[in-house]
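Reading through the structure tokens given below for one structure.
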Amino acid sequence: MTVPAHVAIIMDGNGRWAAQRGWPRIKGHKAGVQTVERILEAASDAGVQHLSLYAFSTENWKRPPLEVGALMALLRMYLRMFLHQLAQKGIRFHHLGATEGMPAGILADMRTLEEATAHNTGMVFHLAVNYGSRLELAQAARRCVEDGLRPGEINEDALSARLWTAGVPDVDLLIRTSGEHRISNFLLWQSAYAELYMTDLLWPDFGSGELQVALEDYAQRERRFGGI
């Protein structure tokens, strides 16, 4: 079976999952993190080389302050817990997103995790926190100017080299849970030719079996990289 080198997932539906059970949203987010742990292991075992998970967008700061604070506390707790699992599977961690405006403690925890897993040789786990693709593209364009490139030198390669994903292969398979059919400002450049897989399952219900179904669906497709 052909396994996609780079799988990206928009993890959607934590709040609805909790609401269906009459629980507060934070319980849905906690269940969602447990799903992350399962998918990390399943993707690594399947031979995926890069896994990008959309955890917190630049727009998510507009959510109620109480929810944002709870999410940041949850993120920090699990960043410290991830190390054991990543070490066991030889997974390397990479923060994908802007550092500006991020809580200092979370930035420190992500840097610690990056440094601790830097020599791992297995799958790379890109966690998108404070990520927005339009911001990423704007910053890449600005870096081209700051680096002194002339207009004729600003091309696809120049922009790609200045994205937060520099050196990472483009997305092969983009998965979104919860029945929504949009990509929500996630990896717009990198997903230009990605195969899309949408499922009605809410993220906490998305397990290793559903990931395998998505991978098998991808393997059966004939990829086309032209304009039409």
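No value in this document is a laboratory result; all are computed from the given coordinates. These numbers were taken from a predicted model, which means no experiment stands behind them. Counting neighbours? That spans all protein chains shown, and the Cβs are built from the backbone with ideal geometry, glycine included.
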Between the alpha carbon centres of segment 142-212 and segment 8-63 the gap in Å comes to 17 Å
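For segment 110-172, just say rounded, prolate or oblate: build the C-alpha gyration tensor, square-root its eigenvalues into a ≥ b ≥ c, call rounded for a/c under 1.5, and beyond that prolate if a/b exceeds b/c, oblate if not. Write out the running numbers ahead of the final one.
Working: a/c = 2.16, a/b = 2.02, b/c = 1.07.
Verdict is prolate for segment 110-172.
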Computed for the chain: size of charge dipole around the Cα centre, +1 on C-beta of each Lys and Arg, -1 on C-beta of each Asp and Glu, debye to nearest 20, value 680 debye
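From the P(r) of the chain, can you give the percent of Cα pairs sitting at distances over 25 Å?
Details: 10593 of 25878 pairs.
Value for the chain (Cα pairs over 25 Å): 41 percent.
Please sort through the DSSP H helices of the chain and keep those with an alpha-carbon extent of at least 20 Å along the long axis and a Kyte-Doolittle average not below 0.0.
Details: long enough: 25-46 (31 Å, -0.36); 65-89 (35 Å, 0.59).
Taking the DSSP H segments of the chain (at least 20 Å long, mean hydropathy at least 0.0), we get 65-89.
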Per-residue Cβ contact counts at 10 Å, fewest first, order 23, 189, 61, 164 as 61, 23, 189, 164
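Could you work out the Kirkwood radius for segment 55-134, taking every pair of different alpha carbons, averaging 1/r and inverting it, reported in Å?
13.1 Å
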The relative contact order of the chain, taking Cα pairs under 8 Å that sit 6 or more residues apart, comes to a percentage of 29 percent
Heads up, segment 173-222 by the C-alpha gyration tensor (a ≥ b ≥ c square roots of eigenvalues; a/c under 1.5 rounded, else a/b over b/c prolate, else oblate) looks oblate
Summed over the other residues with a beta carbon less than 12 angstrom from that of residue 201, with K and R at +1 and D and E at -1, the charge totals -3
Taking every other residue with Cβ under 15 Å from the Cβ of residue 93 and scoring Lys and Arg +1, Asp and Glu -1, one gets 0
Helix-only [θ] at 222 nm, the chain, -39500 (n - 2.57) per DSSP H run of 4+, per residue, nearest 500, equals -14000 deg cm²/dmol
Of the residues 13, 33, 44, the Cα lying farthest along the dipole of segment 10-66 towards its positive end, which is defined by charges on the beta carbon of Lys, Arg, Asp and Glu, belongs to 13
Checked against the positive end of the charge dipole of segment 39-144 (+1 on Cβ of Lys and Arg, -1 on Cβ of Asp and Glu, about the Cα centre), the farthest of 86, 104, 117 is 104
Computed about the Cα centre, the charge dipole of segment 72-178 from +1 Lys/Arg and -1 Asp/Glu charges at the Cβ has a magnitude in debye, to the nearest 20, of 380 debye
Cα extents of segment 11-114 per principal axis, largest first, Å, are 36, 32, 20
